[in-house]
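Single-structure report; data block below.
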Amino acid sequence: MGAQELDAHQLDLTGLRRVYGRTGSRLFYTRVARNARHWGWTEPGQSKWRLWRAQRQLEDVLGRKLALPVGARVMDAGCGAGVVARAMAARFGLVVTGVDVLDFHLREARRLSARAALDDRTTFSWGDYHQLPFENDVFDGAYSMETLVHSYDPARALAEFHRVLRPGGRLVLLGPMSTVPLAELTPQARAVLEPYLDAMVFPGAKVYHARNLPQLLAEAGFEVEEALDATAYYEPTSEAVYAYFRLPWEVLRRFGDPARWLNLRSTVEMYAVREYIAWYVHTAVKPTPERAAP
Ligand SMILES: C[S@@+](CC[C@H](N)C(=O)[O-])C[C@H]1O[C@@H](n2cnc3c(N)ncnc32)[C@H](O)[C@@H]1O
């Protein structure tokens, strides 16, 4: 294990506050992304410019992969301002418990759920998904929408998801990852990618990648139902975001304080290494005792 991985084995709350709490980030997420802190899903033939539609479609993909009946209890690991939780409650009839480690995200999540009259079906509490504040076997489903990259110990997070799911419970993970282990990337790609992963507090992306995540899920006790490489559906969002924000970023970089605009910078700079980034939807099930391996 390298020094970077050892350093990564704790919750970097200061780093996460820097990523999500700076004025620039908050403005970006509240005004531009309308409180969603996730990418989008564009079907072939659809316009890439309709980012909000793409975000709603991505939430629908999650709801369909969860494939749970109305009233099922679901855990949202890294709920942010609760946009995904409310989508699951309003469009799929699920009862969602969100956890997050940022108090200002949780406050927003509660406020927006109350405003949408969805506070009876969405609740939010402080929790680090590496040590979830829940009993064993209590959820029918769990998901992580673009949050596992923040994990300082992905194997431990997956073990926690497994613990809180009932036998037969379903897990859906959505998010970006390196196509191959970082060690196999070209030095040029690593030189762009690694400072970005550090700045964005993405230690998980140094541990898992497209090749080993199914194995990590299996080691945590899951049966992997599907590892869907969905990059083609995410790429239109990457292209549109790059086109929208390249010039604003150049202006802010030259005349403003670049540190305040970390998220803007990352969306623009990531574009240069997009060929090494894949977007996946992993669906897995906690086996029932009779189906579990002996
Ligand atoms: C990219 S945002 C996604 C938020 C939300 N899922 C969405 O799609 O709008 C990542 C979220 O994960 C949260 N997070 C990071 N590490 C976490 C941890 N160890 N436990 C719980 N939440 C965490 C962050 O605070 C942030 O709200």
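We did not get these values from a lab; they are worked out from the coordinates using the rules stated. Computed from a predicted model, the values in this text were never measured in an experiment. No Cβ is skipped: glycine too gets one built from the backbone with ideal geometry, and neighbour counts run over all protein chains shown.
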- Net charge near Ala278 (other residues with Cβ under 14 Å of its Cβ; Lys, Arg +1; Asp, Glu -1) is -3
- Cα to Cα, under 26 Å, and not fewer than 8 places away if on the same chain: which lysines meet these conditions relative to Lys48? Lys65
- the range 5-54: trypsin sites (Lys or Arg not before Pro) in DSSP loop, at most 15 other beta carbons within 10 Å: Arg34
- Query: Using the Cβ atoms and a cut-off under 11 Å, what net charge is assigned to the surroundings of Val138, where Lys and Arg are +1 and Asp and Glu are -1?
  - Reply: 0
- Charge tally in the Cβ shell below 10 Å around Pro181, where Lys, Arg are +1 and Asp, Glu are -1, Pro181 excluded: +1
- Query: Once you charge only the Cβ atoms, +1 for Lys and Arg and -1 for Asp and Glu, what is the size of the charge dipole of the chain about its Cα centre, to the nearest 20 debye?
  - Reply: 1220
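For the chain, which longest stretch is free of loop sites, where a loop site is one of the GluC sites (Glu not before Pro) that DSSP puts outside H, G, I, E and B and that has at most 11 other Cβ atoms within 10 Å?
Working: sites that count: Glu135, Glu290.
Looking at the chain, 136-289 is the longest stretch - no exposed GluC sites (Glu not before Pro) with at most 11 other Cβ atoms within 10 Å.
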- Per the rule of 0.36 nm per residue minus the C-alpha distance, extending Asp229 to Asp257 adds in nm 6.4 nm
- Note on the structure: For the Arg115, Val32 Cβ pair and Förster radius 30 Å, calculated FRET efficiency rounded to 0.05 is 0.95
- Report ³J(HN,Hα) in whole Hz for each residue of the range 72-81, in order, from the Karplus equation J = 6.51 cos²θ - 1.76 cosθ + 1.60 where θ = phi - 60°; Gly and Pro get x. 5, 9, 10, 9, 9, 8, x, 7, x, 7
- Item | Gly98 long-range amide H proximity, modeled H, under 5 Å | Asp76, Thr123, Phe124, Ser125
- Query: How would you rank Val241, Val84, Val273, going from fewest to most other Cβ atoms within 10 Å of each one's own Cβ?
  - Reply: Val273, Val241, Val84
- Query: Cα centroids of the range 219-294 and the range 14-65: how far apart, whole angstrom?
  - Reply: 11
- Task: Please give the direction-averaged projected area of the C-alpha convex hull for the chain, in square nanometres with one decimal.
- Result: 15.3
